[in-house]
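The values are calculated or read from the model by the stated rules, or taken from the named source; none is laboratory data. Computed from a prediction, not measured in an experiment: that's the story for all the values here. Reconstructed Cβ throughout: ideal geometry from the backbone, glycine too, with neighbour counts over all protein chains shown. Accessible surface areas use protein heavy atoms only, side chains included; no ligands, DNA or RNA. Shrake-Rupley method; radii C 1.70, N 1.55, O 1.52, S 1.80 Å.
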Amino acid sequence: MSDNYLLGDLVADLYACTSLSERFKMYEKCIQKLDFEAASYTFIPKIVSETALNTPPVFVRSALFPESFIEQYIADRFDKNDFTIRAIQNNVLCPMDWQDCFQSDSLTDAEKNVVFLAKQEHNIQNGISLPMMNDSVGMAGFSIVSSMQDVDFTKVKQQNLNTLHLCTKAFHDIVFSRVYAYHEFIPSVLLDLSDKEKIVLEYISKGKTMEELGKSNAPVSKRYGEKLLLELRQKFGDISTHELIHHVSQLKLI
């Protein structure tokens, strides 16, 4: 199968799917046809990376991606020392080979330690990071991993990296063209809103005040609305009302 046919089939399959998990399975089959082993994907909302909301990333991973590495990544907060995240924050959105980066002077000791642990403790012999996005909504990227030894992996990378990158970008673009498709990555504390919290958010998002809310027919008084607004600002990472409105709008939480 040619690269163009593979990409075309993937795009058709992705549009036929109705959920993120179904689309990811299609993507997993695609990368395995390119002789890559497994992948993980995450989206980190700006509200997580730029506020006091200190929550680890949420991952979607293929069946062969080492679950133990994800568990350690989350438990030890490797996101604090992830060179891919740093690259995305600096708007470096090109593929990065883990071993090439490890052997260069571009990584800190802490970042090198993450790559070292992946190889020594989780049998991730080789990996490629594919940064996808850094915009007002958040950051997103992929990790493609393999248990292949260096020589074999280098051959696969030379033959198929360009097609892998195109297929990965197609997956990402289609996911983010679907409203709410990325909510699976948003911390549950931000999504689990009560009916009254939603009413408060709807009012402030429309530029209305808590005094106006109290005079409305909504089941929330001015005083209680002010209390909920303060709690929401704290829940979302000790942010201002203006920042709260911005993030609620960007992430389509109501």
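Values for this structure:
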read-out	value
Residue check for ALA181: surrounded by 15 or more Cβ atoms within 10 Å (Cβ to Cβ), under 26 Å from LEU6 (Cβ atoms), at pLDDT 90 or above and among the small types (Gly, Ala, Ser)	no
Residue in the range 31-70 that is nearest to the chain's Cα centre (by Cα), counting only those that are more than 11 Å from PHE142 (Cβ to Cβ) and basic (Lys, Arg)	LYS46
Test: residue in the range 106-128 that is of a type outside the set (Gly, Ala, Ser) and under 21 Å from HIS172 (Cα atoms)	yes
Count - residues of the range 118-148 that are touching a residue at least 60 places away in the same chain (Cβ under 8 Å) and not hydrophobic (A, V, I, L, M, F, W, C)	6
Looking only at the range 14-50, and only at residues there that are among the polar types (S, T, N, Q) and surrounded by 20 or more Cβ atoms within 10 Å (Cβ to Cβ), the one that is farthest from HIS246 (Cα to Cα)	SER40
Any hit, the range 184-191, residues being more than 13 Å from the chain's Cα centre (by Cα) and modelled with pLDDT of 95 or more	no
So ASP135, is it in contact with a Lys or Arg (Cβ under 9 Å, 6 or more places away or on another chain), open to solvent by 50 Å² or more (accessible area, probe 1.4 Å) and of a type in the set (D, E, K, R)	yes
Residue ID - surrounded by the fewest Cβ atoms within 10 Å (Cβ to Cβ), chosen from residues in the range 198-254 that are closer than 21 Å to VAL48 by Cβ and small (Gly, Ala, Ser)	SER240
Residue count for the range 102-129, restricted to those that are farther than 19 Å from ALA63 by Cβ and open to solvent by less than 30 Å² (accessible area, probe 1.4 Å)	6
Breaking point among (1) surrounded by fewer than 15 Cβ atoms within 10 Å (Cβ to Cβ); (2) in contact with a Gly (Cβ under 9 Å, 6 or more places away or on another chain); (3) among the polar types (S, T, N, Q); (4) at pLDDT 95 or above, for THR84	(1)
